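The values are calculated or read from the model by the stated rules, or taken from the named source; none is laboratory data. As the structure is a computational prediction, the values presented were derived from the model and not from experiment. Please note: Cβ atoms are built from the backbone with ideal geometry, for glycine as well, and neighbour counts cover all protein chains shown.
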Amino acid sequence: MSFFSWLFKRPKTTNAEANSKPTQGRRPKLEVSLDKHFLSVESLDFYGLYQLSKSKLWAIGWRDSDPSAGRGGHRESGLGVYVLTDLSTGTVSCHGSMPRPNNGHVSDFGFFCLEDWHFGSSLSGTFTVFDPSGAVLITKELSANIVSSAISINGKFALCATANSPSEHGNKVFLFDLLKRVELYSVTPKAGWPERYEVDEKTGELIAHFKDVGSFRYDIDGRFLEAEQLNNANLASSRYERIILAAEKILEDVDLTDERAQEVLTAIQRARSLGADENPAWKPTALKIQGLAHEQLRQYGEAARVYEEALALNPKIGVKRRLASANKKISAG
């Protein structure tokens, strides 16, 4: 079945597929209006945040509150609502409810996703993807808070990423194939948390976009493809915290060359000049990593000097044994 044939063959929703209760099918033309931040549908008494499709022909709106209960956001009860509008016709395609709908996204064909942030204070959430009629395509119950999500431009893929959690779902990114209605993978993001994700619909590759750093890819099986490129970009960053974290990661490479270690040393010294030395939370770590680079280059005197400075600032920085080792090698001379 081709993508476009599948697109208009909408599967039915079952009660087991989601908590939401969408109203399916086209409705008579309703009054739909948008301003910079909010979408309103007068006939549904709806007023909430929204997100446009890239084509600007669809808008998914949501309201994380229950007006009858007089409360929104964090709470223990009272369903929120969502509305999908077809802006080309000014009609509502579907609407429904869930406990706490948030962070909606919609494709150019009206497929949309929402994050349900759940009642109460537990680390949990539900990620759900719908077709334009409101039928559920994917639903994923998570034992971690959702921090971001997206749907690809034509609605072939969707994704969500989670925050740290002691559960199996903590600090993961999940990719879903909406054509097959399956989860392709969940992986711990090797690139860290980007500003946003998108999916290349031609290859199925997940792209992580980092402001002022660049864009880096995971393959269709969730393998990170561009670790070296990301490390190089972070070493060249103007943000000292990025440089420090990248330098630490590079020095863990068992095949590290002297040339690469020298690049790291130069970068960590630059990070210190960019402001790490003025930040008491970062300076000891920068000194520690500088010492590791000196050790890799067999510059034991310089290593001992910065280790001593790091320990003076933070006795628990974890370099006492390395300082002793460096001093022993200096004495052996």
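Odds and ends about this structure:
- Here the condition is being within 22 Å of Leu292 (Cβ to Cβ) and touching a Gly at 6+ places or on another chain (Cβ under 8 Å); of Leu230, Leu251, Leu184, Leu256, it holds for Leu230 alone.
- Search result, residues across the stretch 225-257 that are touching a helix residue (DSSP H, G or I) at 6+ places or on another chain (Cβ under 7 Å) and over 22 Å from Ser215 (Cα atoms): Leu251, Leu256
- Unique residue being acidic (Asp, Glu), out of contact with any Ser or Thr (no Cβ under 9 Å at 6 or more places or on another chain) and farther than 14 Å from Asp116 by Cα when the list is Asp45, Asp64, Asp86: Asp45
- Pairing residues of the stretch 147-171 that are on the phi > 0 side of the Ramachandran plot with residues that are β-branched (Val, Ile, Thr), at Cβ distances under 6 Å and at least 6 apart in sequence or on separate chains, gives Asn171/Thr188.
- Residue in the stretch 162-169 that is surrounded by 15 or more Cβ atoms within 10 Å (Cβ to Cβ), β-branched (Val, Ile, Thr) and farther than 19 Å from Trp117 by Cβ present: no
- All of Val306, Val264 fail the test of being within 17 Å of Ala236 (Cα to Cα), in a helix (DSSP H, G or I), free of Cβ contacts under 8 Å to residues at least 60 places away in the same chain and of a type in the set (Val, Ile, Thr), apart from Val264.
- Candidates Gly222, Gly214, filtered to the one that is among the small types (Gly, Ala, Ser) and at pLDDT below 95: Gly214
- Just one residue in the set Leu251, Leu230, Leu265 is in contact with a strand residue (DSSP E or B) (Cβ under 6 Å, 6 or more places away or on another chain) and buried (at least 18 other Cβ atoms within 10 Å of the Cβ); that residue is Leu230.
- The residues of the stretch 115-144 that are surrounded by 24 or more Cβ atoms within 10 Å (Cβ to Cβ) and either at pLDDT below 95 or among the small types (Gly, Ala, Ser) (or both) amount to a single one, Gly125.
- Residues in the stretch 202-219 that are surrounded by 15 or more Cβ atoms within 10 Å (Cβ to Cβ) and touching a Phe, Trp or Tyr at 6+ places or on another chain (Cβ under 9 Å): Gly204, Glu205, Leu206, Ile207, Ala208, Phe210, Phe216, Arg217, Tyr218.
- Ile243 being out of contact with any Cys (no Cβ under 6 Å at 6 or more places or on another chain) and either more than 14 Å from Ala271 (Cβ to Cβ) or outside any helix (DSSP H, G or I) (or both): no
- One residue alone among Asp131, Asp116 is among the charged types (D, E, K, R), touching a helix residue (DSSP H, G or I) at 6+ places or on another chain (Cβ under 9 Å) and on the phi < 0 side of the Ramachandran plot, and that residue is Asp131.
- Whichever residue in the stretch 62-114 is over 20 Å from Ser43 (Cα atoms) and among the hydroxyl-bearing types (Ser, Thr, Tyr) and, among such residues, is surrounded by the most Cβ atoms within 10 Å (Cβ to Cβ): Ser107
- Residues that are under 19 Å from Leu52 (Cβ atoms) and among the aliphatic types (A, V, I, L, M) within the stretch 131-184 comprise Ala150, Ile151, Ile153, Ala158, Leu159, listed in sequence order.
- Per the listing Leu311, Leu256, the residue uniquely within 37 Å of the chain's Cα centre (by Cα), touching a residue at least 12 places away in the same chain (Cβ under 8 Å), over 19 Å from Ser237 (Cβ atoms) and part of a helix (DSSP H, G or I) is Leu311.
- Residues of the stretch 121-147 classified as over 18 Å from the mean Cα position of the chain (by Cα), under 22 Å from Ser165 (Cβ atoms) and not in a strand (DSSP E or B), total: 2
- Options Val147, Val182, Val173; residue that is surrounded by 22 or more Cβ atoms within 10 Å (Cβ to Cβ) and of a type outside the set (Lys, Arg): Val173
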